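Undergrad: I have a structure I would like to understand better, so I am pasting it below and will then ask my questions one at a time.
The values are calculated or read from the model by the stated rules, or taken from the named source; none is laboratory data. Here the structure is a predicted model, which is why all the values come from computation and not from measurement. Note: ideal-geometry Cβ built from the backbone for every residue, glycine included; neighbour counts use all protein chains shown. Side chains are part of the model used for accessible areas, which takes the heavy atoms of the whole protein and leaves out ligands, DNA and RNA. Shrake-Rupley method; radii C 1.70, N 1.55, O 1.52, S 1.80 Å.
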Amino acid sequence: MTDGTRTTRSANVRVEQNEPGGESRPAAAASLLSRLPSVDAVLAAANAAQFTAFSHHAAVVAIRHVIGLWRDRIRDGETVDVGGIRADAVAEAACRQLEEWSKPRLRRVVNATGVVLHTNLGRAWLADAAVDAVVQAASGAVNLEYDVDSGERGERDRLVEEHLCVLTGAEAATVVNNNAAAVILVLNALAHGREVVVSRGELVEIGGSFRIPDIMASSGARLREVGTTNRTHLADYRNAIGPDTALLMKVHASNYRIVGFSASVGLEDLAALAREHPDVVVVEDLGAGALVDLSSCGLAPEPVVADRLRAGADLVTASGDKLLGGPQCGIVVGRRDLVEKLRRHPLKRALRCDKLTLAALEATLRIYRFGASPEHAIPTLRFLLRPAGELRPIGEAAIALLSVALGRDYRFELVASAAQTGSGSQPDVSINSLAIAVQSAGASATRIERRFRASQPPIVGRIEHDVFLLDLRLVDDPRDLVPNSCAP
Ligand SMILES: *Cc1c(COP(=O)(O)O)cnc(C)c1O
């Protein structure tokens, strides 16, 4: 019972006003209240199996909660079935409440949205080898910061630095919790109290409150905007450089495009300009850029980290759980002296990755560096690259199962669908995919959507033109698409 319902009933207000003495409380309520069991009585009445999985404290909290609910209902003047307030019934209700409270909040869901890197659904799925590495790191001691050969303290970046350097051609690399953290670290360590020159066409918002101007302000760097939204020229940068300039920064506008009458300055030109000013550093925030070039596998072209370093970026930052298909992390690669500055900065300590992230990242990088076919081993790549033809038999099998499970009211049809890379990457690239359109004479698309979402695990699809779609791009097992709950 909420306080809101209680105060709307005038009769109850009267009861409450008379508390705690309660002389004028209706007799029935008084007698019911006196029959509420004590916590000890409920514990004594519980059967042996009911609370064994829970701590004594948790059981007492749940029992008090249930008794409290009954007390509220009685005081609210509700008609109360005496059977419900018997000690064994309260034990049963408390047990169900505990089960509800203690259910894991982070649960598996079926991603039938067709969005491969769905930020709300946890972005990349890790490769099997990365999952194994996480389990090993999670379950015992590991050499996170320990050099086994010398027996001395080590540096956790060393677990991944060499792989990153070989894969990107960088001199040095460091890793933090996400790409936003990488950008913040770079700005703090290299540009605090100084100016960072950014084109107005690149002052982007990536989503989830990552806005370049705000990040800049919070890191104590001064933003020096140049050019216009659609056109920025080399002279704009040149004119902005002064004694306070610390960085020229390029941001890969991964989630939108400026088309038409537009101009931006290439990294080569920016780097050449920076070289005229020995203190000025060129940084590119690549975000969803690719660690290695996968366009030969059929992936839509993305800027490749190694190319950006070769083109003259002193540092490049990228996301670990976007196209890399690894754990959430932010990767910084580039000049050794600059990476050393980042490492020595106190923020690095605050933003550093834990052993689980590093375990997953190391395993993912080993696949890229040594694996026979990263495009199969890395789920993100496999889902992005699998041909639509591979989805057809999965869809047909799922339709056969769905027809049995949902009955004659429902119609299922395989339709062409446009899947997406997701997490702000390649918004203008749609991936040919296949989806099951689910329709019913008796239920709207939103009702069908709710029914699939009520399944265990929840099946998350998408509604397009008023039709509920289950996109097959991330589905391997047709059984995953069959809702097991009868909820409407
Ligand atoms: C995604 C993205 C970010 C934020 O990266 P997270 O890893 O999500 O913190 C920053 N910059 C660019 C260009 C991005 O694409």
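Undergrad: Whenever you get a sec, compute what percent of the accessible area on the chain sits on carbon and sulfur atoms (1.4 Å probe). Mind dumping the intermediate values first?
TA: Numbers: 12010 of 23530 Å².
That share works out to 51 percent.
Undergrad: For the range 26-115, max minus min Cα coordinate along each principal axis, in Å, sorted largest first?
TA: Reported extents, whole Å, longest axis first: 61, 30, 19.
Undergrad: So if I take the centroid of the Cα atoms in the range 227-272 and the same for the range 287-316, what is the distance between those two points in Å?
TA: 19 Å
Undergrad: Per the helix-only calculation at 222 nm, which mean residue ellipticity applies to the chain, given -39500 (n - 2.57) for every DSSP H run of n ≥ 4 and division by its residues, nearest 500 deg cm²/dmol? Don't jump to the answer; show the numbers that get you there.
TA: Working: 20 runs with 197 residues, N = 488.
Value at 222 nm, helices only, nearest 500: -12000 deg cm²/dmol.
Undergrad: Using all C-alpha to C-alpha distances in the range 138-200, build P(r) with 5 Å bins and read off the rounded percent in each one.
TA: 4, 13, 14, 19, 20, 13, 9, 3, 3, 1, 0
Undergrad: Which net charge results for the neighbourhood of Ala240, defined as the other residues with beta-carbon distances under 9 angstrom from its beta-carbon, given Lys and Arg at +1 and Asp and Glu at -1? Don't jump to the answer; show the numbers that get you there.
TA: Working: positive: Arg224, Arg238; negative: Glu195, Glu225, Asp236.
That sum, taken over residues with Cβ under 9 Å, equals -1.
Undergrad: Quick check: convex hull of the Cα atoms in the range 228-371, volume per residue, rounded to a whole Å³? All intermediate terms of the calculation are to be shown ahead of the outcome.
TA: On the way: hull volume 20.0 nm³, N = 144.
Cα-based convex hull of the range 228-371, divided per residue, equals 139 Å³.
Undergrad: Further question on the same structure: If you take all C-alpha pairs in the range 363-488, what percent of them are over 20 Å apart?
TA: On the way: 3772 of 7875 pairs.
Here the long-distance tail beyond 20 Å is 48 percent of all Cα pairs in the range 363-488.
Undergrad: On to the next question. As a test question: what accessible area, to the nearest 10 Å², does His376 have when a 1.4 Å probe is rolled over all protein chains in place?
TA: Number for this one is 120 Å².
Undergrad: Sticking with this one: What is the diffusion coefficient of the chain in µm²/s, taking the Kirkwood radius over Cα pairs and the Stokes-Einstein relation at 4 °C with a viscosity of 1.567 mPa s?
TA: Estimated diffusion coefficient is 48 µm²/s.
Undergrad: Straight-line reach from Lys341: which lysines have Cα under 22 Å away, leaving out those fewer than 8 places along the same chain?
TA: The qualifying lysines are Lys250.
Undergrad: Placing unit charges on C-beta atoms (Lys and Arg positive, Asp and Glu negative, everything else neutral), compute the dipole magnitude of the range 213-259 about its Cα centre in debye, rounded to 20. Kindly include the intermediate steps, with their values, before the conclusion.
TA: On the way: 6 positive and 4 negative charges, 35 e Å.
Using only the charged Cβ atoms, the result is roughly 160 debye.
Undergrad: Hey, another quick one. State the answer as a single residue: which of Ala318, Leu299, Val82 lies farthest towards the positive end of the charge dipole of the chain, with beta carbon charges of +1 for Lys and Arg and -1 for Asp and Glu, about the Cα centre.
TA: Farthest towards the positive pole: Val82.
Undergrad: Mind jotting down the distance between the C-alpha centroids of the range 116-133 and the range 381-402, whole Å?
TA: 20 Å
Undergrad: Moving on to the next point. Using the heavy atoms of the protein chains and a 1.4 angstrom probe, tell me the accessible area per residue for the range 343-436 in square angstrom. Don't skip to the end; give the middle numbers.
TA: On the way: 4480 Å² over 94 residues.
Result: 48 Å² per residue.
Undergrad: Would you rank Arg86, Arg156 by solvent-accessible area, highest first, keeping every protein chain in place and using a 1.4 Å probe?
TA: Numbers: Arg86 135, Arg156 20 Å².
Solvent-accessible surface, decreasing: Arg86, Arg156.
Undergrad: As I understand it, the dipole of the range 142-285 uses +1 on the Cβ of Lys and Arg and -1 on the Cβ of Asp and Glu, about the Cα centre. Which of Ala240, Asn188, Ser219 lies farthest toward its positive end?
TA: The Cα lying farthest towards the positive end belongs to Ala240.
Undergrad: Projecting each Cα onto the charge dipole of the chain (Lys/Arg +1, Asp/Glu -1 at the beta carbon, about the Cα centre), which of Val116, Val131, Phe51 comes out farthest on the positive side?
TA: The residue sitting farthest along the positive end of the dipole is Phe51.
Undergrad: Return the distance in nm (one decimal) between the two label points of a simple spin-label model at Cys165 and Leu234, each offset 7 Å from Cα along Cα→Cβ.
TA: 3.2 nm
Undergrad: With a ≥ b ≥ c the root eigenvalues of the C-alpha gyration tensor of the range 177-221, is it rounded (a/c under 1.5), prolate (a/b larger than b/c) or oblate? Numbers along the way, then the final one.
TA: Numbers: a/c = 1.97, a/b = 1.13, b/c = 1.74.
Since a/c reaches 1.5 but b/c is at least a/b, the shape of the range 177-221 is classed as oblate.
Undergrad: Residues of the range 226-245 with the amide nitrogen closer than 13 Å to a label point 7 Å from the Cα of Glu276, along Cα-to-Cβ, please.
TA: 234-242
Undergrad: Still on this structure, I have one more. What ranking do 31-40, 427-436, 316-325 get when scored by the average of other Cβ atoms within 10 Å per residue, highest first? List each step's numbers first, then the result.
TA: Numbers: 31-40: 14.7, 427-436: 18.7, 316-325: 28.8.
Result, highest mean first: 316-325, 427-436, 31-40.
Undergrad: What Kirkwood hydrodynamic radius do you get for the range 143-299 when you take the inverse of the mean 1/r over all pairs of distinct Cα atoms, in Å?
TA: Values: mean 1/r = 0.0575 Å⁻¹.
Computed over Cα pairs of the range 143-299, the Kirkwood hydrodynamic radius comes out at 17.4 Å.
Undergrad: So if I place +1 on the C-beta of Lys and Arg and -1 on the C-beta of Asp and Glu, and nothing else carries charge, what would the dipole magnitude of the chain be about its Cα centre? I want it in debye, nearest 20.
TA: Details: 55 positive and 59 negative charges, 206 e Å.
So the dipole magnitude of the chain works out to roughly 980 debye.
Undergrad: Could you estimate the translational diffusion coefficient of the range 264-325 from the Stokes-Einstein equation, with Rh from the Kirkwood formula over C-alpha pairs, at 10 °C and 1.306 mPa s, in whole µm²/s? Intermediate results must be reported in sequence, preceding the final value.
TA: Numbers: Rh = 12.4 Å.
Estimated via Stokes-Einstein, D reaches 128 µm²/s.
Undergrad: Indicate the gyration tensor shape class of the range 312-358 (rounded, prolate or oblate), computed on the Cα atoms with a ≥ b ≥ c the square roots of the eigenvalues: a/c under 1.5 is rounded; otherwise a/b larger than b/c is prolate and the rest oblate. Don't skip to the answer; put the middle values down first.
TA: Working: a/c = 2.89, a/b = 1.20, b/c = 2.41.
The shape class here is oblate.
Undergrad: Something else about it: In debye, nearest 20: dipole of the range 332-488 around its Cα centre with unit charges on the Cβ of K, R (+) and D, E (-)?
TA: Numbers: 23 positive and 17 negative charges, 211 e Å.
It comes to approximately 1020 debye.
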